[in-house]
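Below is one structure, written out as structure tokens; the observations come after it.
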Amino acid sequence: MNDSTPLLLKALNKEKLDIPPIWYMRQAGRYMPEYRVVRSKFKNFLDMCKNPEVCCELALQPINAFNLDAAILFSDILTIPDAFGLGVEFIENEGPVFNNPIESIDDINNLIPFDPDSLSYVYEAVTNIKDALPKNIPLIGFCGSPWTLAAYSIEGRSSKDFNKTINFIKKYKDESHFFLSRLSDACFLYLRKQVQAGVDVIQIFDSWANILNNQELNELSFNYIKSLIFALKNDPITANIPIILFARDPKCNSDALIETSADCISLYWSMNDFCLESAKGLTALQGNLNPKILLESKEIIKKEVHEILKKFKDFPGYIFNLGHGLTPDINPEMVKYLTEIVREY
Ligand code: 1CP
């Protein structure tokens, strides 16, 4: 890769760099006052996501505020269940609520076919963001993992343990696998459209990997992520697009993550036993500062950041990020400080 290649793409190509590229999960969001101004104009969060001009403005806010090395599409992982007709709404202080969740075998068998064109508002947002971004800043597109999307769709809302979902899957095993494969196919078509519209990188969010035991994780989540990555790598449109996989606190060893064939593994903040040696040359790594550290003093932030940078200093292909998303209680000043000390190190 040449000198003008963006840092993020160099790192995803497993190059060792002096200064890592920096971006943050949930870099656009409620912790930013300028986000809250725009958000206050919409009652329903998804209505805001359906407005490509607004998505463009929101995706650029953190780039302008912190001079980051990548932008992420402003949207949500729940656009796919919404396109399947499950009626996704975001309720103040409650999060997502589904008006038509998956409650029976019939609900799965009667699902309407996924039409990727019904999410054209997302691809329009991608085009707008790409047009507005400086040419050297790549844009990350994304989707939820099939398992994480299934969990919301069956539970009908967020949950700590997704018990209803786990019971449903145990009771209706074959149908649940059929649903997971439908979601997987939808993710593929959706990501391919995002790439056609201009995204440079893809991130898959397996945000509810944490509630599965090792065997369930392979059977219900990683199997489908693997086939999704295989499909993307074997399609001429998406073959050269690097794929980052974020799994929240997965109950598995380093090899299981590497074997998904993702180009980069985004480490959850508690994953400090991940084996760097076995990942070398096979995947890039991203992470993994605990976002809660940003609620501490500058001294503590600096100490924690230096520990992480020291650990990944010689790793070929490292991206600085958090171990999960920025939360609404974080002060944007600390995000600015964080970015500065990573670049100064
Ligand atoms: O009212 C508001 O302002 C809504 C807050 C919000 C925002 C800013 C939600 C609701 N989604 C988003 C944007 C979003 N979501 C982005 C783009 C912004 C960016 O990253 O800069 C992305 C990539 C997501 C992805 C997403 N949505 C994930 C995966 C990441 C993760 O945190 O693990 C998940 C799990 C969701 C579901 C979701 N959307 C919104 C909420 C509150 C939730 C979580 C609900 C829960 O706790 O289960």
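The values are calculated or read from the model by the stated rules, or taken from the named source; none is laboratory data. This is a predicted model, so every value here is computed, not measured. Note: ideal-geometry Cβ built from the backbone for every residue, glycine included; neighbour counts use all protein chains shown.
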- [ ] Just give me the residues in segment 224-244 being in contact (Cβ under 8 Å) with a residue 60 or more places away in the chain and under 15 Å from the mean Cα position of the chain (by Cα), in sequence order.
- [x] ILE225, LEU228, PRO242, ILE244
Open item on the list: What's the number of the only condition in (1) surrounded by fewer than 16 Cβ atoms within 10 Å (Cβ to Cβ); (2) closer than 26 Å to GLU89 by Cα; (3) in contact (Cβ under 8 Å) with a residue 24 or more places away in the chain that ASN163 fails to meet?
Closed with: (3)
Open item on the list: Going residue by residue through segment 267-274, is there one that turns out to be closer than 20 Å to ILE341 by Cβ, within 15 Å of the ligand (Cβ to nearest atom) and without any contact (Cβ under 8 Å) to a residue 60 or more places away in the chain?
Closed with: yes
Open item on the list: Exactly one of these conditions fails for PHE246: (1) surrounded by fewer than 17 Cβ atoms within 10 Å (Cβ to Cβ); (2) part of a strand (DSSP E or B). Give me its number.
Closed with: (1)
TODO: Would you please list the contacts, defined by Cβ atoms under 9 Å and residues six or more apart or on different chains, that run from a residue in segment 128-139 that is more than 14 Å from LEU9 (Cβ to Cβ) and modelled with pLDDT of 95 or more to a residue that is in a loop (DSSP other than H, G, I, E, B) and of a type in the set (Gly, Ala, Ser)?
DONE: ILE129/GLY198; LYS130/GLY198; ASP131/GLY198
- [ ] Collect the residues in segment 156-188 that are charged (D, E, K, R) and either over 24 Å from the mean Cα position of the chain (by Cα) or within 16 Å of the ligand (Cβ to nearest atom) (or both), keeping them in residue-number order.
- [x] ARG157, LYS160, ASP161, LYS164, LYS170, LYS171, LYS173, ASP174, GLU175
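Just one of THR260, THR283 is buried (at least 16 other Cβ atoms within 10 Å of the Cβ), in contact with a Lys or Arg (Cβ under 6 Å, 6 or more places away or on another chain) and under 19 Å from ILE140 (Cβ atoms); which is it?
Just a single option satisfies the conditions, and that option is THR260.
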Open item on the list: Taking the condition of being at pLDDT below 95 and either part of a helix (DSSP H, G or I) or among the basic types (Lys, Arg) (or both), how many residues in segment 140-178 meet it?
Closed with: 1
- [ ] Would you check if there is a residue in segment 209-218 being buried (at least 21 other Cβ atoms within 10 Å of the Cβ), under 23 Å from ASP107 (Cα atoms) and within 16 Å of the chain's Cα centre (by Cα)?
- [x] no
Task: Residue in segment 35-55 that is under 17 Å from the mean Cα position of the chain (by Cα), surrounded by fewer than 20 Cβ atoms within 10 Å (Cβ to Cβ) and among the charged types (D, E, K, R) present - done: no
TODO: Looking at (1) surrounded by fewer than 17 Cβ atoms within 10 Å (Cβ to Cβ); (2) away from the ligand (no atom under 16 Å from the Cβ); (3) assigned to a helix (DSSP H, G or I), find the lone condition where ILE237 falls short.
DONE: (3)
Open item on the list: Just the residues that are out of contact with any Ser or Thr (no Cβ under 6 Å at 6 or more places or on another chain), more than 19 Å from VAL195 (Cα to Cα) and of a type in the set (Gly, Ala, Ser), please, taken from segment 61-99.
Closed with: ALA65, GLY85, GLY87
TODO: Evaluate segment 109-129: report whether one residue or more is within 14 Å of the ligand (Cβ to nearest atom), under 17 Å from the mean Cα position of the chain (by Cα) and closer than 19 Å to GLU216 by Cβ.
DONE: no
Task: Residue, farthest from the chain's Cα centre (by Cα), within segment 134-146, restricted to residues that are within 12 Å of the ligand (Cβ to nearest atom) and under 14 Å from LEU180 (Cβ atoms) - done: SER145
- [ ] Go through segment 312-343 and give me each residue that's surrounded by fewer than 22 Cβ atoms within 10 Å (Cβ to Cβ), farther than 13 Å from ILE301 by Cβ and away from the ligand (no atom under 16 Å from the Cβ).
- [x] PHE312, LYS313, ASP314, PHE315, PRO316, ARG343
